[in-house]
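Derivation of every value follows stated rules applied to the coordinates shown; laboratory data play no part. All values derive from a computational prediction rather than experimental measurement. With ideal geometry, Cβ positions are generated from the backbone for all residues, glycine too; neighbour counts draw on all protein chains shown.
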């Protein structure tokens, strides 16, 4: 990790950090990675907070995908899809409040074999 970068928050599937040199927030969530300035991050969080989960789950109920909540991008033909649980975790990650939760056994991706 770059010495000018500090971790602000962490969840099961993501990390939010800030680079003091470039003044960019970096966050990785599942297989997505973003670099945003403060004003972009604020707009993104505001967008996430106004999403109507019930509407999208009803609207896309016939979709083949298990993730029903769309997050549009500026790139044509690219849409990020998440589910309600991922949306809540993403909001929690981006609040910048360090929150620690104990992992349950279901959260640990480990193949346990007794010898």
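The convex hull built on the alpha-carbon positions of the stretch 5-95 has an orientation-averaged projected area of 6.3 nm². Would you mind getting me the FRET efficiency between residue 49 and residue 114? Use the beta-carbon distance for r and R0 = 30 Å, nearest 0.05. In this case the efficiency is close to 0.10.
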